[in-house]
Every structure is written in structure tokens, then in C-alpha cells.
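See structure below.
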Amino acid sequence: MPVFRVVDAVTAAQWYRRLGFEIVGEHRFGPDLPLYLFLERNQVRLHLSEHTGDAPPNSLVYFWVDDVDSVAAEFGVEVGDEPWAREIQLVDPDGNRLRVGTAPKPALEV
């Protein structure tokens, strides 16, 4: 389960909403203490934490999707063709990196 360190979990969750993630839960030990959010998109889960010790800054996670081109269009980035996938790289408001790829289709044999 990826956990990303964020400064403002609500702002970060709005950015992740563009990727289809929705907040499905939250935890806070007290009114003025750091917020921890649980996000989900279909079967994929991601946590956002304002706690300084939960995750290193500028982390990286790789997500496989069926259509990387639609994600690229949403964020206005170009898709790169690599041997392992068509992929993009995104950076959230807190510097965490996401690589998003679609596996290449196998070549048809004749």
C-alpha cells in the first residue's frame, strides 16, 4: 500500500481526484493534529499522510492503467513509448512521483 507524505492532505486528495481516486476514510488523533487520508480507485488504494515520519518525501510509485493516453490528456503531458510500456510521469503538489503506464499489446503473429 503506497503511503505518500503530504503537507496538506485535502489539497493533495483534490489532485489525486484527477486520477480517479476518492477519499474513502480519514483519521486524525485530535483537531489540530496531522490528517491521514485513505484513497481508493476501483481496487487500487493509496494513503496520504501529513505525519512527518510516515513516508520519505519525493517517493515514487508505478500504476498500471488500461489507457495511459486519457490520463496524459487530463494532465497535459506527452506519453513516452518505452520497451515495457507507454508511460507518463506525474509529480503531485508535494513532489511525490507517479509513473503511469499501459503495457504494450503483444504483436500479432502471421
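The numbers here are math on the coordinates, done by the rules we state, and not lab data. Being a predicted model, the structure only gives us computed values, none of them experimental. Note: ideal-geometry Cβ built from the backbone for every residue, glycine included; neighbour counts use all protein chains shown.
For the reader, a short list of remarks on this structure follows.
- In this entry, Leu19 passes the filter for residues that are in a loop (DSSP other than H, G, I, E, B), within 15 Å of the chain's Cα centre (by Cα), in contact (Cβ under 8 Å) with a residue 40 or more places away in the chain and under 16 Å from Arg99 (Cβ atoms).
- Qualifying strands (runs of 3 or more DSSP E) (wholly inside the stretch 26-91; at least 3 residues being under 26 Å from Pro104 (Cβ atoms) and without any contact (Cβ under 8 Å) to a residue 24 or more places away in the chain): 86-91
- The residues in the stretch 23-57 that are within 30 Å of Thr102 (Cα to Cα) and either surrounded by 13 or more Cβ atoms within 10 Å (Cβ to Cβ) or among the basic types (Lys, Arg) (or both) can be counted, and the count is 15.
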